[in-house]
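Inspection log for the structure reproduced underneath, given as structure tokens.
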Amino acid sequence: MSGALNPNWEETVATGELQTVFDNIKVIGEYDSRSLTAKLDQISGFDTELSKGLDQSKSADDLLRFFGLIKQQPWMQTTHQFGYIALRQPGSIESQEIQYPGAIAADVSLKNNRINIRLDRLRVHKYPGNGTHNIMVNFAARNQVADSQETVTFSQTYRVGEKQTAGVAGYPIFIGLNVGSQGVAFEGSTVNVNNEADQAILAALESPPFQSGLSLLTTAQPAIAPFTEITLGVVKALAKRTENVPVQKFYLGLDFEDAPMGIRLAEGNYIAAQVPSETAIEWHKWVYRPDIGTIVHKADSLETLPYNYLVFRISRYEA
């Protein structure tokens, strides 16, 4: 599901009121205790052991222990760590290092140029509930056209089991996205859709019109503008439905500067991992093995990254 919206970008920045597209989506890790208890009680197939804790928590100590256990769940984390894998040499099967994307050199040749963004991995370590998860993945970016910017969105759904990776690699999200002189803003969010009444919407996202990503032009596209309101309305409505659970949400401003805490724009893969703290992952201890297509620990090639994460790819657009 895709579309475009034309915000008054300059005015928004000038007044300091810039909001992310998914700002109103509240992930489960942001819930207070009362809202969290109500949400967990609504989730069909919620983890059996955790459910017992919810049912049996009577005393204050029991409740504290229960919420302590819940807070440790991978899907409760609101922090993200970002990694970067550079373009590999053609034909090479050597393991590739992973870096923080603020430590790489920006590719200034992408300034005022066009790029493609594709989804290469969607990994579920643990999501609320059991069995196979129906995950709606939502993306947004700002497309630079002439002297203005338009926000473009794209949503797709995948079925993924616990500790498994979705059967997706190279899935087109935005094709020909226009990069400005300052870089590009990119957002992502995931919603675990459990409500059976919403399955028809997920089926619509899997239909042919939504299978090829959003192709963009170098000029504004008013024909697709009305669909953004619908797209975002559907995404936000699903996120608030009783059994549906927003799990991840992140924002990346990819730029060409040298500020140490910024994130640079370059061709390659970017990892967005949902983690309990900013120091949970030491990227130098992990590598990408192109021979098996997986991120593994340097010391143990059978140990995979124990977090929910997705990987998107940035490449140069070729007309």
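The values are calculated or read from the model by the stated rules, or taken from the named source; none is laboratory data. None of these values were measured; they are calculated from a predicted model. Ideal geometry is used to build each Cβ from the backbone, glycine not excepted, and the neighbour counts take in all protein chains shown.
Evaluation of E162 against the conditions (1) in a loop (DSSP other than H, G, I, E, B); (2) touching a residue at least 60 places away in the same chain (Cβ under 8 Å); (3) closer than 30 Å to Q42 by Cα shows that the sole unmet condition is (2). Considering T48, T12, the condition of being at pLDDT below 65, touching a Leu at 6+ places or on another chain (Cβ under 8 Å) and surrounded by fewer than 16 Cβ atoms within 10 Å (Cβ to Cβ) is satisfied by T12 alone. Residues of the range 136-156 that are within 11 Å of the chain's Cα centre (by Cα) and more than 19 Å from I175 (Cα to Cα): M136 alone.
A103 fulfils the conditions (1) among the hydrophobic types (A, V, I, L, M, F, W, C); (2) assigned to a strand (DSSP E or B); (3) within 18 Å of I281 (Cβ to Cβ) except for a single criterion, (2). The strands (runs of 3 or more DSSP E) falling completely within the range 254-319 that include 1 or more residues that are of a type in the set (D, E, K, R) map to 286-289, 300-304, 308-316. A Cβ distance below 8 Å, combined with a sequence gap of six or more or placement on separate chains, defines the contacts here; from the range 24-37, residues that are touching a residue at least 24 places away in the same chain (Cβ under 8 Å) reach residues that are buried (at least 17 other Cβ atoms within 10 Å of the Cβ) and of a type in the set (S, T, N, Q) in the pairs I25/S189; V27/S189; V27/Q248; G29/Q77. Whether any residue in the range 221-237 is under 18 Å from the mean Cα position of the chain (by Cα) and at pLDDT 70 or above is what I want to check. No, the range 221-237 has no match at all.
Please verify whether the range 99-107 includes one or more residues that are of a type in the set (V, I, T), within 28 Å of N192 (Cβ to Cβ) and surrounded by 15 or more Cβ atoms within 10 Å (Cβ to Cβ).
No: the range 99-107 contains no residue that is of a type in the set (V, I, T), within 28 Å of N192 (Cβ to Cβ) and surrounded by 15 or more Cβ atoms within 10 Å (Cβ to Cβ).
On the basis of being charged (D, E, K, R), in contact with a Pro (Cβ under 9 Å, 6 or more places away or on another chain), farther than 19 Å from L305 by Cα and in a loop (DSSP other than H, G, I, E, B), does R88 make the cut? Against the criterion (charged (D, E, K, R), in contact with a Pro (Cβ under 9 Å, 6 or more places away or on another chain), farther than 19 Å from L305 by Cα and in a loop (DSSP other than H, G, I, E, B)), R88 qualifies. Only a single criterion out of (1) crowded, with 18+ Cβ neighbours inside 10 Å; (2) more than 28 Å from N244 (Cβ to Cβ); (3) at pLDDT 90 or above is not satisfied by Q182, namely (1). The residues on offer are D291, D300, and the sole one that is surrounded by fewer than 20 Cβ atoms within 10 Å (Cβ to Cβ) and without any contact (Cβ under 8 Å) to a residue 40 or more places away in the chain is D300. Looking across the range 167-188, just one residue is touching a Gly at 6+ places or on another chain (Cβ under 7 Å), more than 26 Å from A239 (Cα to Cα) and in a strand (DSSP E or B), and that is I175. Do the conditions hold for E267, that is, is it surrounded by fewer than 20 Cβ atoms within 10 Å (Cβ to Cβ) and under 20 Å from G188 (Cα atoms)? The answer is yes for E267. A Cβ distance below 6 Å, combined with a sequence gap of six or more or placement on separate chains, defines the contacts here; from the range 117-135, residues that are within 18 Å of T304 (Cβ to Cβ) reach residues that are of a type in the set (K, R) and surrounded by 20 or more Cβ atoms within 10 Å (Cβ to Cβ) in the pairs D120/R313.
The listed residues are G170, G161, G213, and the only one of them that is surrounded by fewer than 23 Cβ atoms within 10 Å (Cβ to Cβ), closer than 17 Å to F312 by Cα and at pLDDT 90 or above turns out to be G170.
When we screen R123, R142 for residues that are basic (K, R) and modelled with pLDDT of 95 or more, the only hit is R123.
Being modelled with pLDDT under 55 and among the aliphatic types (A, V, I, L, M) is the filter here, so list the residues in the range 15-45 that pass it.
Hit for the range 15-45 is L18, nothing else.
Would you check if there is a residue in the range 64-85 being of a type in the set (A, V, I, L, M), assigned to a loop (DSSP other than H, G, I, E, B) and surrounded by fewer than 21 Cβ atoms within 10 Å (Cβ to Cβ)? Looking through the range 64-85, none of the residues is of a type in the set (A, V, I, L, M), assigned to a loop (DSSP other than H, G, I, E, B) and surrounded by fewer than 21 Cβ atoms within 10 Å (Cβ to Cβ). Condition check for W283 on (1) in contact with a Leu (Cβ under 9 Å, 6 or more places away or on another chain); (2) surrounded by 15 or more Cβ atoms within 10 Å (Cβ to Cβ): one failure, at (1).
Taken over the range 108-120, the criterion of being surrounded by fewer than 18 Cβ atoms within 10 Å (Cβ to Cβ) and not in a strand (DSSP E or B) is satisfied by V108, S109, K111, N112, N113.
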